[in-house]
1. With a 1.4 Å probe and all protein chains left in place, how much of the accessible area of the chain comes from carbon and sulfur atoms, in whole percent?
2. Could you tell me how many cubic angstrom of Cα convex hull volume the chain has per residue?
3. Quick one: putting +1 on the C-beta of Lys and Arg, -1 on the C-beta of Asp and Glu, what dipole do you get for the chain around its Cα centre, in Debye to the nearest 20?
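The values are calculated or read from the model by the stated rules, or taken from the named source; none is laboratory data. Note that the structure is a prediction, hence the values are computed from the model and not measured. Counting neighbours? That spans all protein chains shown, and the Cβs are built from the backbone with ideal geometry, glycine included. Protein only, heavy atoms only, side chains kept; ligands, DNA and RNA dropped before computing areas. Shrake-Rupley method; radii C 1.70, N 1.55, O 1.52, S 1.80 Å.
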Amino acid sequence: MFEEKKYLSTEEVARLFGFSVRTITTWASEWQDSSGTQGLPAFKMGRSWRFERAEIQTYIEKQKQLKQVG
């Protein structure tokens, strides 16, 4: 779906998850505000959020495992 690049934009992550850009931005803010305990792994570059592809893939796998356990 995406070319293999290390970092994804908010728009790319929104398409990947099927949520709005606003939702992804909210989750990224939660990550930053909670020091990485809640939300979606992200960091800010200027006014834009960036998401490391490997961290997003790890996050997805962790969520799948939690769903199977719960």
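1. Values: 2500 of 5160 Å².
Taking all protein chains in place, the chain shows 48 percent carbon and sulfur surface.
2. Working: hull volume 6.8 nm³, N = 70.
In the chain, the Cα convex hull volume per residue is 97 Å³.
3. Values: 11 positive and 9 negative charges, 11 e Å.
Dipole about the Cα centre, nearest 20: 60 debye.
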